[in-house]
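What follows draws every value from the coordinates through simple rules; no lab data is involved. Remember, predicted model here, so these are calculated numbers, not experimental data. Cβ: placed from backbone, ideal geometry, glycine included. Neighbour counts: every protein chain shown.
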Number of protein chains: 2
Amino acid sequence: MAERHLSIEFLGGEASAYLPHLAVDCVVFGFHAGQLRILLTHWKERGRWSLPGGFVRRDEPVDEAAHRVLRLRTQLDHVYLEQYHTFGGLDRRDEVIERMFDDTRRQRAAAAWISDRFVSIGYYALVDWTEVTPTADGVLTDDCRWWDLSDHPPLLFDHDAMVERALGVLRSHLGHQPIGLNLFPETFTLPQLQRLYEAILGRSLDRRNFQKKMRDLGILERVGELRAAGVRRAPYLYRFDRPRYEAALREGISMGR
Amino acid sequence: MAERHLSIEFLGGEASAYLPHLAVDCVVFGFHAGQLRILLTHWKERGRWSLPGGFVRRDEPVDEAAHRVLRLRTQLDHVYLEQYHTFGGLDRRDEVIERMFDDTRRQRAAAAWISDRFVSIGYYALVDWTEVTPTADGVLTDDCRWWDLSDHPPLLFDHDAMVERALGVLRSHLGHQPIGLNLFPETFTLPQLQRLYEAILGRSLDRRNFQKKMRDLGILERVGELRAAGVRRAPYLYRFDRPRYEAALREGISMGR
DNA sequence: ATCAATTGTGTTGTTACTACACGCTATCGT
DNA sequence: ACGATAGCGTGTAGTAACAACACAATTGAT
């Protein structure tokens, strides 16, 4: 395979193993230092960033395709994943990528396959970033890393709009179901949780009302105190009560707005 | 074209004018006599019912494909349409339809095309049923009519699940945005509107609180009284104040639950 | 004239949310 | 040693939204 050219092989053998014109893209949210972050992949040939995505195998449900993509990019297996919208505008095609293939007949077919119009099913994921091992595929992409949601490079295709919409959906879900179990390690503090909520909502919340609300929800378990350097008073550590958390997920809660 | 066989022509010429493996299906909600109703199409060859659906042209956004499908089945142009979920399980294929094609090579290709696995983008529509002219295509389907949501025949493929999910989404939207403008004629009464809400939510509401709530929303305009036979007291007729209704759509409201 | 059925409106108690004030703990500066 | 300071935890009062409830108005049937 030539250095500057792609092979049809990057698709895992035959392009026909995948459904044409269909892709999945994932907005992977993490949370660190009071900031929402998203996982992005860097395209080798054009020096630009996009959401981690992939194609759908013919023998695979689309949800499973999203999980597979995420497994490849994060090395994580059971992530919280939610389909939120399918993007099907006419602008969704990639003409640049076509030039990245050799000019053999087989390669031309692959080039045509991939550069044609795509409909993309958008998923968003919530993960504990400390467990993620960002991984580029080394073929189409040569880098994969976290970016601050509020300070990331402009993305390829319509991926900026996909991020925007994912955040909007996440925000609207926040008022009706608990969020946090998937974004934090086992234990966390209430100030941390509040900063997460503030990052998602994009505005500050009253600490006292927030804590009262959280306590009253009955999905938290106090497990000790956080001992850390430079901290004045030690905040309590909490862990989510899984059965109650999941019950709240199913039945819904109300969280102000 | 043989009587009992389909032609590739039903796809509007070349099958290749459409994206393979991709479909749109619409759950069209109407409201009549206190009941939610959905529009279903009857498949000629198997004597069973399904949601109205269709394929996506290569030169057409998926939202536009949904509108086109709806235009064909209802003769209506600007319906309220919302994408709510994309269904991509492995069971979504149609093996029966394959036998409905002639055995010419071209027709076999079409048979393979249509009988392969499909991913379907689900939309739901809200329409004033009095304006709809249900229309079957006469090729794949020979009937198109309204059914009570609570009393319709079992549907083909996974369409029962698609209806179920559409209703769930509609229900959850009900608490955050006004609904009704698209389901009623120009004018309607508050008791009618309440019955619509009750049909969607699946439970009865308090008439007094409902009316107070609706009045306070400030999206209604009183335009007279309804004179009807057999009615004791004449209810007032209302019309939605469009600008205010649309503002409520954008900004969201809270409607109990 | 009375009754029955349906519609319109007001009142009250309760709950949820918003705004706000204070005490506790540990570190830091002096 | 000591107070100042920064961050954390809890409580209280006012307000707005919601749920439960009662009564008056209109019209056709008896």
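Sequence-distant or interchain residues sharing an amide H contact under 5 Å with A:Phe31, placed H: which?
Excluding prolines and chain starts, which carry no amide H, the hits are A:Arg37, A:Trp129.
How many Cβ atoms of partner chains, on average, are near each residue of A:85-93 if near means within 10 Å of its Cβ?
That average works out to 5.
Viscosity 0.692 mPa s, temperature 37 °C: give me the Stokes-Einstein translational D for chain A in µm²/s, with Rh taken as the Kirkwood radius over C-alpha pairs.
After rounding, the answer is 165 µm²/s.
Nearest 0.05, what FRET efficiency do A:Asp91 and B:His32 give at R0 = 45 Å with Cβ-Cβ as r?
Approximately 0.65, to the nearest 0.05.
Relative to the present Cα-Cα distance, how much length would full extension add between B:Glu164 and B:Asp142 at 0.36 nm per residue of separation?
Full extension of this stretch gives 5.5 nm more.
Of B:Pro178, B:Pro243, B:Pro235, which has the largest mean-square fluctuation in a 10 Å C-alpha GNM of chain B?
B:Pro243
Report ³J(HN,Hα) in whole Hz for each residue of region A:135-144, in order, from the Karplus equation J = 6.51 cos²θ - 1.76 cosθ + 1.60 where θ = phi - 60°; Gly and Pro get x.
9, 7, 7, x, 10, 6, 10, 10, 7, 8
Of all the stretches in chain A, which is the longest one without any exposed loop site, taking GluC sites (Glu not before Pro) in a DSSP loop (any state but H, G, I, E, B) with at most 13 other Cβ atoms within 10 Å?
My reading of the result: A:96-185 is the longest stretch.
Would you mind getting me the FRET efficiency between A:Ala228 and A:Glu131? Use the beta-carbon distance for r and R0 = 22 Å, nearest 0.05.
0.60
About the Cα centre of the protein assembly as shown, what is the dipole size in debye to 20, counting +1 per Lys and Arg Cβ and -1 per Asp and Glu Cβ, all else neutral?
Here the protein assembly as shown has a charge dipole of around 2280 debye.
Can you tell me which lysines have their Cα less than 30 Å from the Cα of B:Lys44? Leave out same-chain residues fewer than eight positions away.
List returned: none.
A:Arg93's amide H: which non-local residues (gap 5+, or another chain) put their own amide H closer than 5 Å, with H modeled 1.01 Å from N in plane and none for Pro or chain starts?
Here A:Phe118 satisfy the definition.
Below 8 Å between Cα atoms, with a sequence gap of 6+, how large is the relative contact order for chain B in percent?
Relative contact order, chain B: 22 percent.
Please turn the phi angles of region A:206-218 into ³J(HN,Hα) values with the Karplus equation 6.51 cos²θ - 1.76 cosθ + 1.60 (θ = phi - 60°), one per residue in order, whole Hz, x for glycine and proline.
6, 4, 5, 5, 4, 5, 4, 4, 5, 4, 5, 5, x
What is the calculated FRET efficiency for A:Arg208 to B:Asp216, with r their C-beta to C-beta distance and R₀ = 35 Å, to the nearest 0.05?
Result of the calculation: an efficiency of 0.70.
Compute the distance from the alpha-carbon center of region B:202-257 to that of region B:103-172, in whole Å.
Measuring centre to centre over Cα atoms gives 32 Å.
Please list, or write none, the aspartates and glutamates whose alpha carbon is within less than 16 Å of the alpha carbon of B:Lys213, excluding same-chain residues fewer than 8 places away.
By straight Cα distance, B:Lys213 reaches B:Glu198, B:Glu221, B:Asp241.
Going 7 Å from Cα along the Cα-Cβ axis for the label, what nanometre distances separate B:Gly47 from the same residue across the other copies?
Computed spacing set for this position: 6.8 nm.
Excluding A:Thr133 itself, what net charge comes from residues whose Cβ is under 14 Å from its Cβ, given Lys and Arg +1 and Asp and Glu -1?
After counting each charged neighbour, the total is -2.
Might you report the magnitude of the Cβ-based charge dipole of region A:166-257 about its Cα centre, with Lys and Arg at +1 and Asp and Glu at -1, to the nearest 20 debye?
340 debye
Please give the helix A:190-201 orientation as an angle from the longest Cα principal axis of chain A, in degrees from 0 to 90, rounded to the nearest 10.
It is inclined by approximately 50 degrees.
When Cβ neighbours within 10 Å are restricted to other protein chains, what is their mean count per residue of peptide A:203-210?
Per-residue shielding by partner chains comes out at 0.
Quantify how strongly other chains surround peptide B:61-72 by giving the mean number of their Cβ atoms within 10 Å of each of its Cβ atoms.
What the average comes to for B:61-72 is 2.
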